[in-house]
Amino acid sequence: MEVNAQMVQELRAKTGAGIMDCKKALAEGAGDLEKAVEWLRKKGLSSAAKKQSRIAAEGAVSSYIHMGGKIGVLIEVNTETDFVARNEEFQQFVKDVAMHIAAVNPQYVRRDEVPADVVAKEMEIGRAQALEQKKPENVVEKIATGKVEKFYKEVCLMEQPFVKDSEKSVEQVLTELVAKIGEKIVVRRFTRYQLGEGLQKRSEDFAAEVAKATQAN
């Protein structure tokens, strides 16, 4: 059975789980809502999502400097207690996400941070491309929406394939950690610096270097 957006929204409303997790749960349950809920609970993802309503004011500010000092990242990740902030797995997650940011260069943490005018521009480009390809009017909007979804996955940290496990998004890795640790965890903000960014200089693919180094860890 094909999983549609309405089914995903219904499951999200019922469990609070992320979009990708809901899609996978519905696929695993052949579109059956109750089976999908059961799948999420078995994975601990439903209970993890419920923790996201809690307040997370502790955590850590960490940094990652790529060898050679060409790229640097500052990141703040919050959790509920200082105890968890000192947890080895939490600290490793923060470090790994900082390395991911250095390698992949996301522009935003999550999609609700993307300015409306940027989203509108992507929709406009999607429509123009669909019309240029002589697509029927009734599918132009669907194609444009699909382009925006792809754009989110390219620029939003939480939706990007995790650099150390491309089978999972960063959000999925975080959700699994929440389910394991039992506290809310939030990637709040980050800043990425690239040596000489904005200045005219010899072109080098620093991000590719970081990605290669990250895979080696």
Handout entry: Residue that is farthest from ARG192 (Cα to Cα) [pool: residues in the stretch 126-156 that are touching a Lys or Arg at 6+ places or on another chain (Cβ under 7 Å) and aliphatic (A, V, I, L, M)]
Key = VAL140
Practice task
Inspect all residues belonging to the stretch 110-124 and state whether any of them is under 24 Å from GLY59 (Cα atoms) and surrounded by 15 or more Cβ atoms within 10 Å (Cβ to Cβ).
Solution key: yes
Practice task
Determine which member of the set GLN172, GLN107, GLN129 is modelled with pLDDT of 95 or more and out of contact with any strand residue (DSSP E or B) (no Cβ under 6 Å at 6 or more places or on another chain).
Solution key: GLN107
Problem - Cβ-Cβ under 9 Å pairs, at least 6 apart or on other chains, the stretch 90-114 side without any contact (Cβ under 8 Å) to a residue 40 or more places away in the chain and over 22 Å from MET20 (Cα atoms), far side assigned to a helix (DSSP H, G or I) and not charged (D, E, K, R) - result: GLN91/ALA85
Problem - Filtered residues of the stretch 140-193 (kept if over 10 Å from the mean Cα position of the chain (by Cα) and of a type in the set (Gly, Ala, Ser)) - result: ALA144, GLY146, SER166, ALA179, GLY182
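From the list VAL77, VAL73, VAL8, which one is modelled with pLDDT under 90, crowded, with 19+ Cβ neighbours inside 10 Å and among the β-branched types (Val, Ile, Thr)?
Numbers: VAL77 fails: modelled with pLDDT under 90; VAL73 fails: modelled with pLDDT under 90.
Criteria check complete, one pass: VAL8.
The values are calculated or read from the model by the stated rules, or taken from the named source; none is laboratory data. Since the structure is predicted, the reported quantities are computational estimates derived from the model, not experimental observations. Glycine also receives a Cβ, built like all others from the backbone with ideal geometry; neighbour counts cover every protein chain displayed.
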